[in-house]
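Structure first, then comments.
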Amino acid sequence: MKTLALVGNPNVGKTAVFNALTGLSQNTGNYAGVTVERKRGRFHAGAVTVDILDLPGAYSLSARSPDEIILSDVLLGQQAQEQPVDGMIIIIDASNLERNLFFVSQLLETDLPAVVVLNMMDIAKRRGLVIDTAALAEQLGAPVIPICAHRREGLPALREAVAQLAEGKLTRAPLPSALPEVQQEAVTAMVALLGEHAGAIGRQVPRLEALRLLVDQGGYAEKRIARRAGQAIVPELARLRQMACVNGAPLAVQEANIRYRWVRSVMDHAVRKPESRLRSRSERIDDVLTHKVFGSLIFLGVMVVLFQAIYSWSGPAMDLVDTVMGGIGEWVASVVPEGVLQSLLVDGLVAGVGGVIIFLPQILLLSLFIALLEDCGYMARAAFLMDKTLSWCGLSGQSFIPMITSFACAIPGVLATRTIHHRRDRLATILVAPLMSCSARLPVYVIMISAFIPAKPLLGGLLNLQGVMLFLMYCVGVVVAVPLAWIFKKLFFRGVKPPFILEMPSYKVPQVRSVGMKVYREGKDFVVRAGTLICAVTIIVWALAYFPHAEEIGARFDAERAAVTVQVTDPAALEEALFELDTQESGEYLRNSFLGQFGHVVEPIFMPLGWDWRIATATIASFPAREIIVATLGTLFNLGAELDETSPGLIDTLRASTWPDGRPLFTIPVALSIMVFFALCCQCAATLVTIRRETLQWRWPIISFTYMTVLAYVAAFVTYQGSKLLLG
Amino acid sequence: MLEYLIVACIVGAASIYIGRYIWRMTRGKASGCGCGASGGACPKNATPPSSQTGA
């Protein structure tokens, strides 16, 4: 089957076109670097079926960062386990033709058949650009299809052109190389040199790749060839580059000049610009949103309102889910007879998994807000605003996109570091990205804040302390990440601060479909995870906390109950005494369970943080995935049964729980230390595996895990002891 | 007795699921992450960077 590749600059709508052609729903966002991975989908049009590859965006074929390497490798047929592509669907931002055509000129020098797609025609029209598509097609030597992908305009013509491309009906001659003769000779000499090393390299290097090698001094192409052919080839490359210099100007500069000359000539033939350029709506909005003072204040305000809204708006939905879960628990208890199975279902599954599911509304709200910010184009502005802060620690705004992506999940955050050119900056970002509070931390924060932080109104009732506390918890990761990145840069990754070039996309009204898909996907994954991994861990935790369930404990308490029944005659006093005995019995079973015995061994380690063995055990159980703690706390504290029937929720259970001497277990310092620990600890096996895959070394996930765990412990200790001193 | 048998089966199935999950994840086959934010960029779909480039 044939394969066509979607290629173009970043943030021109390649994934939107991919989704439109294949019917898939890959993530899109209005900022550069959303796609860092190649994605495959299938396109059908009548009898034609073809595979479509969605590739990361790039500004040129000179690959520097890992995402650009994927693109150039696929186009040059160097991607392992991937057949060479049969054609290109080149996507251009019609409102930004001049910059886009630079890359197009490189792409069209390949001999691959191509269709050129002019996306964002609506914005181009709004800016007064008149594009003669027929003239443009003539200049480029390939058909040009105008579309507006997010409004789904022009898609039938695009489908037809893609079908023709797949059928091999669209052939074209490659654009003649724009380089003058002296550089052509250098390229020929380069091809000959590489031909001599073809054995070591393992193949004949085509002319286009030889040109990239000549242009990209110290780039990916050079490193790859040097690794295969040996370092001895490097001086030869330098000699040929010297040969290609004209008046001392390196080939890269000459290439840029020559290509932009070509671009201007194409523009003169095919594009009519307005007489006077009006400032666009996006530029006018940016005057405020990227302002040094107002921009930062607005950013801060947006974040505070976001977390306040997450806290306030989700209340009714959470109550509804809570009521449903409570009803399920009661129904199961009424249907299944009292015993081990009822305990597994009610104390284990319903209390554990139900305790996690209750946070679904907040997860949905968080993902809704993130999706809206991504789609409207504000993310790039946030990165721009953060550049100054990050530059203090030696990173750039380039690191901010992966970091802000990590607020939803650290895994795409780590993958998003592929857009970072310098290895040391990429590693520093990978090490600090998991510190950002991902959505899995949200349930932990909410449960602790709901239970122990008063809902005190602030700013005349506009905000309340609980929402502000949630915002502050999300700030913990950023506040810690900045100095840590500085330390990492000083210790491991010394080097100059990289330059930061970020394209500011036009503001757009978020698309309902795109936002809806992101929220749906997030919600679905959360529920699936609660029903699979969290459910399985809850069952194991329940089993370890239930067994061995020694018979002598039951016999001892039965005897005590019989004695009390005889001694106490007042019915109310008798009921109270029996309830007290039931609670003691549950506690005794739990303390003597396998988990209880383990918990008492590890308890001394966590005592300085103010935690008892149950919190310690739940924390240890949640190292594979941090949201497990909610389920584990639900199971452990439900088995302890230190609550009466009128307080069935986990929050009430936690509030009612005590130390053996009767002191309240959860206090504000304990809640704060738990939240700080979870904010900073690396409790996500999937993130560690991703770090290993991205860095190709176990060293980095081990460093991540170790430093984050130690940091979390120390910070939780300081928080507990400090807040205990302050609050008395 | 039947009650204990059912519980044993459920606990056994959960243990197998967790064991399989850990095994698959260390081999890079399980998606691992539970959030839709990954948008298909989970480890199971990710192309490992070329061994020549690394991080």
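Restricting the search to segment A:688-728, which residues are more than 30 Å from A:SER65 (Cβ to Cβ) and either within 13 Å of another protein chain (Cβ to nearest Cβ) or part of a loop (DSSP other than H, G, I, E, B) (or both)?
Once the filter is applied, which keeps residues that are more than 30 Å from A:SER65 (Cβ to Cβ) and either within 13 Å of another protein chain (Cβ to nearest Cβ) or part of a loop (DSSP other than H, G, I, E, B) (or both), segment A:688-728 yields only A:GLY728.
What's the total number of residues in segment A:58-72 that are touching a Ser or Thr at 6+ places or on another chain (Cβ under 7 Å) and modelled with pLDDT under 80? Steps first, answer last, please.
Initial filter on segment A:58-72 (touching a Ser or Thr at 6+ places or on another chain (Cβ under 7 Å)): A:61, A:63, A:65-67, A:69-70.
With the extra rule that they be modelled with pLDDT under 80, the set shrinks to A:63, A:65-67, A:69-70.
Looking only at that region, the number is 6.
Just to check your reading of the model, which residue among A:ILE147, A:ILE201 is within 25 Å of A:THR49 (Cα to Cα) and in contact with a helix residue (DSSP H, G or I) (Cβ under 7 Å, 6 or more places away or on another chain)? Lay out the reasoning, then the answer.
On the way: A:ILE201 fails: within 25 Å of A:THR49 (Cα to Cα).
Criteria check complete, one pass: A:ILE147.
Just to verify a result, which residue in segment A:1-57, among those that are part of a loop (DSSP other than H, G, I, E, B) and β-branched (Val, Ile, Thr), is modelled with the highest pLDDT? Explain how you work it out, then say what you get.
The first filter runs over segment A:1-57 and keeps only residues part of a loop (DSSP other than H, G, I, E, B), leaving A:1-2, A:9-13, A:23-38, A:46-47, A:55-57.
Filter again for β-branched (Val, Ile, Thr), leaving A:12, A:28, A:34-36.
Working: A:VAL12: 90, A:THR28: 66, A:VAL34: 66, A:THR35: 71, A:VAL36: 69.
The qualifying residue modelled with the highest pLDDT is A:VAL12.
Are any of the residues in segment A:187-197 of a type in the set (Gly, Ala, Ser), open to solvent by less than 30 Å² (accessible area, probe 1.4 Å) and touching a Leu at 6+ places or on another chain (Cβ under 9 Å)?
Taking every residue of segment A:187-197 in turn, none turns out to be of a type in the set (Gly, Ala, Ser), open to solvent by less than 30 Å² (accessible area, probe 1.4 Å) and touching a Leu at 6+ places or on another chain (Cβ under 9 Å).
Among the residues of segment A:576-625, what is the count of those that are within 14 Å of chain B (Cβ to nearest Cβ) and within 16 Å of A:ALA543 (Cβ to Cβ)?
Here is the first cut: in segment A:576-625, the residues within 14 Å of chain B (Cβ to nearest Cβ) are A:593-595, A:621-625.
Filter once more, so that each one left must be within 16 Å of A:ALA543 (Cβ to Cβ): A:593-595, A:621.
Residues that pass the stated criteria total 4.
With respect to A:ALA333, is the statement that it is within 30 Å of B:LEU2 (Cβ to Cβ) and either modelled with pLDDT of 85 or more or within 14 Å of chain B (Cβ to nearest Cβ) (or both) true? Lay out the reasoning, then the answer.
On the way: within 30 Å of B:LEU2 (Cβ to Cβ): yes; either modelled with pLDDT of 85 or more or within 14 Å of chain B (Cβ to nearest Cβ) (or both): yes.
Here the answer is yes, as A:ALA333 does meet what is asked.
From the list A:THR635, A:THR653, exactly one residue is without any contact (Cβ under 8 Å) to a residue 40 or more places away in the chain and surrounded by 23 or more Cβ atoms within 10 Å (Cβ to Cβ). Which is it?
Exactly one of A:THR635, A:THR653 is without any contact (Cβ under 8 Å) to a residue 40 or more places away in the chain and surrounded by 23 or more Cβ atoms within 10 Å (Cβ to Cβ), namely A:THR653.
The values are calculated or read from the model by the stated rules, or taken from the named source; none is laboratory data. What you see is a predicted model; the values in this text were computed from it and never measured. FYI the Cβ positions are ideal-geometry reconstructions off the backbone, even for glycines, and counts take in every protein chain you see. To get the accessible areas, we keep the full protein, side chains included, count just its heavy atoms, and leave off ligands, DNA and RNA. Shrake-Rupley method; radii C 1.70, N 1.55, O 1.52, S 1.80 Å.
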